[in-house]
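Q: The structure follows.
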Protein chains: 2
Amino acid sequence: MTNAFTRLHPPKGRSSKSYQVKILNSQVAKPASSSTFLIQMGSLQNQKPENGFNSTIKPLDPEEFRKQGHMVIDFLADYYKNVEKYPVRSQVEPGYLRKRLPESAPDDPEPIEEILQDVQKDIVPGITHWQSPNYFAYFPSSGSIAGFLGEMLSTGFNVVGFNWMSSPAATELESIVMDWLGKMLKLPNEFLFSGGGGGVLQGTTCEAILCTIVAARDQILKKIGRDNINKLVVYGSDQTHSAVQKAAQIAGIKPNNFRAVSTTKANAFGLTAEALRSTIKADFEAGLFPLFLCATIGTTSSTAVDQLSPLCEVANEYGIWVHVDAAYAGSACICPEFRHFLDGVENSHSFSFNAHKWFFTTLDCCCLWVKDPSALVKALSTYPEYLRNKASETKQVVDYKDWQITLSRRFRSLKLWLVLRSYGVAKLRKLLRSHVKMAKNFEGLIGMDKRFEVVVPRNFATVCFRISPIEIGKNLNVTKDEATNEFNSKLLESINESGKIYMTHAVIGGVYVMRFAVGASLTENRHVHLAWKVVQEHANALLKMS
Amino acid sequence: MTNAFTRLHPPKGRSSKSYQVKILNSQVAKPASSSTFLIQMGSLQNQKPENGFNSTIKPLDPEEFRKQGHMVIDFLADYYKNVEKYPVRSQVEPGYLRKRLPESAPDDPEPIEEILQDVQKDIVPGITHWQSPNYFAYFPSSGSIAGFLGEMLSTGFNVVGFNWMSSPAATELESIVMDWLGKMLKLPNEFLFSGGGGGVLQGTTCEAILCTIVAARDQILKKIGRDNINKLVVYGSDQTHSAVQKAAQIAGIKPNNFRAVSTTKANAFGLTAEALRSTIKADFEAGLFPLFLCATIGTTSSTAVDQLSPLCEVANEYGIWVHVDAAYAGSACICPEFRHFLDGVENSHSFSFNAHKWFFTTLDCCCLWVKDPSALVKALSTYPEYLRNKASETKQVVDYKDWQITLSRRFRSLKLWLVLRSYGVAKLRKLLRSHVKMAKNFEGLIGMDKRFEVVVPRNFATVCFRISPIEIGKNLNVTKDEATNEFNSKLLESINESGKIYMTHAVIGGVYVMRFAVGASLTENRHVHLAWKVVQEHANALLKMS
């Protein structure tokens, strides 16, 4: 890709138009200047002004669309082919782009060739390559051909599916696909449309949690009166995603009334029913109203699992809405051997996972199921005159605008539908298992090097590890936790700075760990082996220095 | 397009795999059966299992991506070429799709050819064609080649740009493009990064308003104490978008404390400072705390404009946060002749418009500027350990996760950047003006037929009109408002049922109007003339019948 766009002269601001460009995989490969560029996104040729009303831009000219669309497909295919060559974590400095781009938008059209050249030159270096096979940071953002094509179709139709009427297929396909997925996850029938519940595609888990908190809030306030809003309490653990606290805050829950119940290593950093019960009890006795519990299957820091069955039992005693956040690990639960992690979900109120994390569906795509859609609708429904229509009046249709924060919504189900059909359930399971196997393999490599240790048990395809305090003590002549954490932090930074692989960190029970999350769509076992070599090399160098 | 996919046998559930398909504009055009299909999204050929770890799916194989990407580009190019042939408003019945699709996801992969065939056969009939040149409903969802390509790049890179670190280019391009756009709109410097403010891309106006309400709420509660949350009041007019009331509700504002201040025809359905002042005064005297005003430039029903200067004056007296919602009309304000509608914005706190409505940027893309980003950050910031990084610590970078509801965010600025560069400011203005001119032309056609009347003055490219009560009285022998409304409602339904054009309605000051919103990217003046003919024909028929 680095050879795809060759500038013959160095760039100088807007005047870059006059450089010669060579474009790979495109029929257009010729020297060009601002005056000779003929191809414009808006098809400047073939213009037949019509009674003076027609503009010189035809923003959706089909043949121009075809031509330029093919160019960008080729650009991206080359990007994937070459993505391994880029440093995984971007190495730019803050403010790099402002120095390169003009201060204002151009007055005149610029050709797609020049824009793609600038994407390559100015944008690609500033990208952290989540699609790189050497990307093991955060959680994966696993793109796929099917997900991409679905997104293209959705963008191409560009419908605004706020209610059934505005594009029936957008609503109906979503309901169908959510039932399909619900069945794949063996969710109880009450979460499916056929069982009186239903699923909806949100952008992210943050939105899913906000919607369910608001639904739960309005349900209880109806009983106890709005004056008690400051007495509502939301529960999670100290491992719960920050999205829950943020959603509670947005929903007007008093910031002091979010409980991050402590977890311990002894319980593998899962929230226990005992800890939850004693926290709730204390609140209840203090005159507060327990509102909402977010239980997590696969926490962000260490993929810990909260035991749903006992937690739901406690929550149900107090009439608390239980949301199950399986943002990352939900995908794996389509495999029978992982499904047990969801045991107890039948006693929760809502369940969500992100298809855009580890399910080959491009960002954004969060799948939310609720047992009682009317709770969402009561809290989130609007029905202004200009949206009134026959279909909604009959109440035979779902109007998803009432299941979410926003009115406008994209046709997200297309990408999920394409992913499910293109790969099929059996192969999706196989693919997820291959990631788990690669993580297991990495774990095995760690096990063979006594300087390292796996810090928490691996549940899925993410390994939390570090150089052990013993090893560091041997070298640094200290065994303090702080020194160990600091060393591992330095090691991680040195690895990431190399650009060869990218991992991120977490601090779990005071222990700084490197997180190795397998799941990028291009990752193969050889990348895992390479990654381990990189880790060892950097560890060797750093240990030698110390 | 109807000929692009020819089924030789009628469909029968999942067994459809065995049909022969012919695909236009694709190198692959051959009879196929479930066993002979070789091309799979996941590249089933070229598989070299590697130590048994590799799955049989390669979800991002570059050459497979290239091949299938080109197919979908051709599919969409053909869609645009033929979009005029489809009924604009979908004519399916509720539940149509469930009858056609299987009850569960397939176990085995299905080929892209078959999926595209099903998109054509099952999805396209259920789409309301927002990209049709005969689409005049709601507001436009104006797609463009540049917007589409930007979305492709964003989806292709598939980065999760929650903070600067996670993909610096995503954050930096957004800040730059928002400054570009802010300058095009001649927003005061305080809204730009250079002036201490800044812009952010949200999904929709609903989110933008929720974020600003929450920021305003937390600012005031810090002063007056959280116990007063039930005394906060949010203001809009009876023409304000339902998003404001919904956002207030989500943010925990008491539902009774949303004021939809009445507007009148005398003030062209704009909110007046006098009406606002008296409402606020009454609340203030009742011991409530005025919190937030949403002023609208271009309301949804009739594109009415609230006069910002006097409204901000009143709001500022009471220390109210003023948000300016120019979701639809903001685009037009890049033209000097429309900019006066924003006069007074300098005294507001935040401003937003939807680039996905009438600015050729595909859904979703709402542009929000605030004078004081720290107000957003204080209300919406989270900083969990696993997101800690050097760049954020230095505070030299923007972490957009703290400017919005969700943590994960797409690389939306790419599409806006492509739109601005591909078309340039001058041609974008020209294009917007051409839409206004077409609307003016439609108004002219109405004026020549005395049976019709324009109900409210046209400000932009949307015309609100109806058959006048006089005409209906002549025919129905009644002059009642109700009969007029009912007749126009029947007329609109008859027009929309024809599938030839699609308009929607509003009720403004008790008057039912048909809304004719020009702005679909493929619309030319000939479509406007055709639309008027359709309206007249249906009116003739209906008047004859009555």
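The values are calculated or read from the model by the stated rules, or taken from the named source; none is laboratory data. As the structure is a prediction and not an experimental result, all values here were calculated from the model. Note that each Cβ is placed from the backbone with ideal geometry, even for glycine, and that neighbours are counted across all protein chains shown.
Q: Taking the options B:LYS450, B:LYS500, name whichever one is assigned to a loop (DSSP other than H, G, I, E, B), away from chain A (no Cβ under 14 Å) and over 28 Å from B:SER144 (Cβ atoms).
A: Details: B:LYS500 fails: over 28 Å from B:SER144 (Cβ atoms).
After applying the criteria, what remains is B:LYS450.
Q: Right, another one. Please determine, by comparing only the residues of region B:346-370 that are over 30 Å from A:LEU60 (Cα atoms) and within 24 Å of the chain's Cα centre (by Cα), which one is farthest from the other protein chains (Cβ to nearest Cβ). Walk me through how you get there before you give the answer.
A: Taking region B:346-370 first, the residues over 30 Å from A:LEU60 (Cα atoms) are B:346-350, B:370.
The next check asks that each one be within 24 Å of the chain's Cα centre (by Cα); those that pass are B:348-350, B:370.
Numbers: B:SER348: 22, B:HIS349: 18, B:SER350: 16, B:VAL370: 16 Å.
My answer is B:SER348.
Q: For region B:388-404, which residues satisfy the criterion of being part of a helix (DSSP H, G or I) and hydrophobic (A, V, I, L, M, F, W, C)? Talk me through it step by step, then tell me what you get.
A: Initially, region B:388-404 is screened for residues part of a helix (DSSP H, G or I), giving B:390-394, B:400-403.
Answer for region B:388-404, where residues must be part of a helix (DSSP H, G or I) and hydrophobic (A, V, I, L, M, F, W, C): B:ALA391, B:TRP403.
Q: Do you know which residues across region A:405-432 are more than 7 Å from chain B (Cβ to nearest Cβ), more than 17 Å from the chain's Cα centre (by Cα) and either among the acidic types (Asp, Glu) or in a helix (DSSP H, G or I) (or both)?
A: Quick first cut of region A:405-432, residues more than 7 Å from chain B (Cβ to nearest Cβ) only: A:409, A:411-417, A:419, A:428-429, A:432.
From what's left, more than 17 Å from the chain's Cα centre (by Cα): A:409, A:411, A:414, A:417, A:428-429.
Those that are more than 7 Å from chain B (Cβ to nearest Cβ), more than 17 Å from the chain's Cα centre (by Cα) and either among the acidic types (Asp, Glu) or in a helix (DSSP H, G or I) (or both): A:LEU414, A:TRP417, A:LEU428, A:ARG429.
Q: Related question: Quickly run through region A:222-233 and pick out the residues that are touching a residue at least 12 places away in the same chain (Cβ under 8 Å) and in a helix (DSSP H, G or I).
A: Keep residues of region A:222-233 that are touching a residue at least 12 places away in the same chain (Cβ under 8 Å), which gives A:224, A:228-233.
Listed by number, the residues that qualify are A:ILE224, A:ASN228, A:ILE229, A:ASN230, A:LYS231.
Results for (1) in contact (Cβ under 8 Å) with a residue 40 or more places away in the chain; (2) surrounded by 24 or more Cβ atoms within 10 Å (Cβ to Cβ); (3) closer than 30 Å to A:CYS366 by Cα, shown as yes or no for each residue.
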position: B:SER413; (1), (2), (3): yes, yes, yes
position: B:GLY424; (1), (2), (3): no, no, no
position: B:PHE442; (1), (2), (3): yes, yes, no
position: B:LEU445; (1), (2), (3): yes, no, no
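Q: With respect to the numbered conditions (1) touching a helix residue (DSSP H, G or I) at 6+ places or on another chain (Cβ under 7 Å); (2) among the charged types (D, E, K, R); (3) more than 8 Å from chain A (Cβ to nearest Cβ), which one is the sole condition not fulfilled by B:GLU84?
A: All conditions are met except number (1).
Q: Something else: Test B:SER262 against the criterion of being within 14 Å of chain A (Cβ to nearest Cβ) and of a type outside the set (A, V, I, L, M, F, W, C), and give yes or no. Break it down into steps so the answer makes sense when it comes.
A: Values: within 14 Å of chain A (Cβ to nearest Cβ): no; of a type outside the set (A, V, I, L, M, F, W, C): yes.
No; evaluated as a whole, the condition is false for this residue.
Q: If you check every pair at least six apart or on different chains, which have Cβ atoms under 7 Å apart with a residue in region B:62-77 that is touching a residue at least 60 places away in the same chain (Cβ under 8 Å) first and a residue that is surrounded by fewer than 21 Cβ atoms within 10 Å (Cβ to Cβ) second?
A: Between residues of region B:62-77 that are touching a residue at least 60 places away in the same chain (Cβ under 8 Å) and residues that are surrounded by fewer than 21 Cβ atoms within 10 Å (Cβ to Cβ), there is no close pair.
Q: With the structure loaded, tell me whether B:PRO94 is modelled with pLDDT of 95 or more and in contact with a Gly (Cβ under 7 Å, 6 or more places away or on another chain) or whether it fails that test. Break it down into steps so the answer makes sense when it comes.
A: On the way: modelled with pLDDT of 95 or more: yes; in contact with a Gly (Cβ under 7 Å, 6 or more places away or on another chain): no.
Spelling it out, it is not the case that B:PRO94 is modelled with pLDDT of 95 or more and in contact with a Gly (Cβ under 7 Å, 6 or more places away or on another chain).
Q: Starting from residues that are over 23 Å from A:LYS371 (Cα atoms) and basic (Lys, Arg), keep the ones in region A:212-267 and report whichever is nearest to the chain's Cα centre (by Cα).
A: Filtering first and then ranking leaves A:LYS246.
Q: Here is a check on your reading of the model: is B:ARG429 of a type outside the set (Gly, Ala, Ser), assigned by TED's automatic domain parsing to the domain that holds B:THR523 and in contact (Cβ under 8 Å) with a residue 12 or more places away in the chain?
A: Numbers: of a type outside the set (Gly, Ala, Ser): yes; assigned by TED's automatic domain parsing to the domain that holds B:THR523: yes; in contact (Cβ under 8 Å) with a residue 12 or more places away in the chain: yes.
Answer is yes for this residue.
Q: Regarding A:VAL528, is this residue outside any strand (DSSP E or B), within 15 Å of A:ALA439 (Cα to Cα), away from chain B (no Cβ under 14 Å) and among the aliphatic types (A, V, I, L, M)?
A: Numbers: outside any strand (DSSP E or B): yes; within 15 Å of A:ALA439 (Cα to Cα): yes; away from chain B (no Cβ under 14 Å): no; among the aliphatic types (A, V, I, L, M): yes.
Spelling it out, it is not the case that A:VAL528 is outside any strand (DSSP E or B), within 15 Å of A:ALA439 (Cα to Cα), away from chain B (no Cβ under 14 Å) and among the aliphatic types (A, V, I, L, M).
Q: List pairs: first in region B:378-396 and facing chain A (nearest Cβ under 8 Å), second in a helix (DSSP H, G or I), Cβ under 6 Å, 6+ apart or cross-chain?
A: That search, which allows pairs on different chains as well, returns B:ALA379/B:VAL214; B:ALA379/B:ALA215; B:ALA379/B:ASP218; B:LEU380/B:ASP402; B:THR382/A:SER242; B:THR382/A:LYS246; B:PRO384/A:SER242.
Q: Identify, from the list A:ILE250, A:ILE229, A:ILE224, the residue that is in contact with a strand residue (DSSP E or B) (Cβ under 9 Å, 6 or more places away or on another chain), modelled with pLDDT of 95 or more and assigned by TED's automatic domain parsing to the domain that holds A:VAL314. Lay out the reasoning, then the answer.
A: Values: A:ILE250 fails: in contact with a strand residue (DSSP E or B) (Cβ under 9 Å, 6 or more places away or on another chain); A:ILE229 fails: in contact with a strand residue (DSSP E or B) (Cβ under 9 Å, 6 or more places away or on another chain).
Every option except A:ILE224 fails the conditions.
Q: Taking B:PHE465, is it more than 21 Å from A:MET165 (Cα to Cα), of a type in the set (Phe, Trp, Tyr) and in a strand (DSSP E or B)?
A: Values: more than 21 Å from A:MET165 (Cα to Cα): yes; of a type in the set (Phe, Trp, Tyr): yes; in a strand (DSSP E or B): yes.
When the stated conditions are applied, B:PHE465 passes them.
Q: Moving to a separate point now. Take A:SER546 and decide whether it is more than 10 Å from chain B (Cβ to nearest Cβ) and touching a strand residue (DSSP E or B) at 6+ places or on another chain (Cβ under 6 Å). I'd like the intermediate steps shown before the answer.
A: Numbers: more than 10 Å from chain B (Cβ to nearest Cβ): yes; touching a strand residue (DSSP E or B) at 6+ places or on another chain (Cβ under 6 Å): no.
No; evaluated as a whole, the condition is false for this residue.
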